[in-house]
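Student: The structure follows.
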Amino acid sequence: MNFQPGQSIVHTLHPAVKLVWLLWVTVVVFVFHSPALPLIAVGFAVGLLWVAGVVPWRIPGVRVWLILGVGILLTHAVVIREGDPLVGPFTALGLTSGVCAAGRLVAVILMSTLFVVTTEPFALACALMNVGLPYRWGFALVTALRLAPVFKLEAHHVYRAQLVRGVAYDARGPRKWWLVLRHLCLPLLVSALRTANALSLSMEGRAFGLHAKRTSTRELAATRRDAVAGALLLASTLALVAYGWT
């Protein structure tokens, strides 16, 4: 998934706020062992994806993750034999554990997808640098995120060019992996090294890293929506702390 521009409420939130929400949901679904929390997180993520204009079942790879989640659920349900018996080999504790484990996986995947499709990489780097991240690291983050689609396109071009030249990518077994490593990964590695060298020379010519601080062409300011999102985060944290104590 790549960033998809939009004007939804989720798109306009501050990147740091969305990052904190992502980390908070990830921690919560793994710290608490209640199966209700992962299911609530999944519903929360699906609703926000709809608001952002993303159809959940059209997310690339979502079927694979759902199949994996169902596999995890069935594995827990069959392996764990403790608790009250329900149907066949399934017990209440096994199904509860399976729902909790599968819900954690799906919740983290959906929340991560929501963060990626609604957060511009450059805005994310600016937000992190505003809260103290060294700008060298921010530049490395932006560069990696922007070059990933470029390398993907180059891999497609190399693959098509080598098919025309007769490379037998339709082979099976270990020979196919050897062909991929030899004929596809090597040109991509050379291209990546060439791009990194050109980028390094370009930044050196612009005296990148000379000053301890740098200016930015974009200033990200918190809005009322960010304040409301932060207040909701604080309220939910206090509610879960109270729930954990009880």
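The values are calculated or read from the model by the stated rules, or taken from the named source; none is laboratory data. Being a predicted model, the structure only gives us computed values, none of them experimental. Glycine gets a Cβ as well: all are built from the backbone with ideal geometry, and neighbour counts include every protein chain shown.
Student: Determine whether residue 83 is under 28 Å from residue 242 (Cβ atoms) and either at pLDDT below 85 or not in a helix (DSSP H, G or I) (or both).
Tutor: yes
Student: Can you name the number of the only condition in (1) assigned by TED's automatic domain parsing to the domain that holds residue 24; (2) loosely packed, with under 15 Cβ neighbours inside 10 Å that residue 210 fails?
Tutor: The one condition residue 210 does not meet is (1).
Student: For the range 148-177, which positions are closer than 30 Å to residue 213 by Cα and either modelled with pLDDT under 80 or surrounded by fewer than 12 Cβ atoms within 10 Å (Cβ to Cβ) (or both)?
Tutor: 148, 149
Student: So which of 107, 123 ends up being more than 30 Å from residue 77 (Cβ to Cβ) and either crowded, with 21+ Cβ neighbours inside 10 Å or of a type in the set (Gly, Ala, Ser) (or both)?
Tutor: Among 107, 123, only 123 is more than 30 Å from residue 77 (Cβ to Cβ) and either crowded, with 21+ Cβ neighbours inside 10 Å or of a type in the set (Gly, Ala, Ser) (or both).
Student: Let me ask you something else. Is it the case, given these coordinates, that residue 140 is part of a helix (DSSP H, G or I), closer than 24 Å to residue 9 by Cα and modelled with pLDDT under 85?
Tutor: The answer is no for residue 140.
Student: Which is in a helix (DSSP H, G or I), under 16 Å from the mean Cα position of the chain (by Cα) and either loosely packed, with under 15 Cβ neighbours inside 10 Å or of a type outside the set (S, T, N, Q) (or both), of 37, 22, 68?
Tutor: Going through 37, 22, 68 in turn, just one is in a helix (DSSP H, G or I), under 16 Å from the mean Cα position of the chain (by Cα) and either loosely packed, with under 15 Cβ neighbours inside 10 Å or of a type outside the set (S, T, N, Q) (or both): 22.
Student: Checking residue 93 against (1) modelled with pLDDT of 85 or more; (2) surrounded by 14 or more Cβ atoms within 10 Å (Cβ to Cβ); (3) not in a loop (DSSP other than H, G, I, E, B), only one condition comes out false. Which one?
Tutor: The single condition residue 93 does not satisfy is (1).
Student: Can you find a residue in the range 98-110 that is within 16 Å of residue 34 (Cβ to Cβ), more than 26 Å from the chain's Cα centre (by Cα) and either not assigned by TED's automatic domain parsing to the domain that holds residue 34 or not aliphatic (A, V, I, L, M) (or both)?
Tutor: Within the range 98-110, none of the residues are within 16 Å of residue 34 (Cβ to Cβ), more than 26 Å from the chain's Cα centre (by Cα) and either not assigned by TED's automatic domain parsing to the domain that holds residue 34 or not aliphatic (A, V, I, L, M) (or both).
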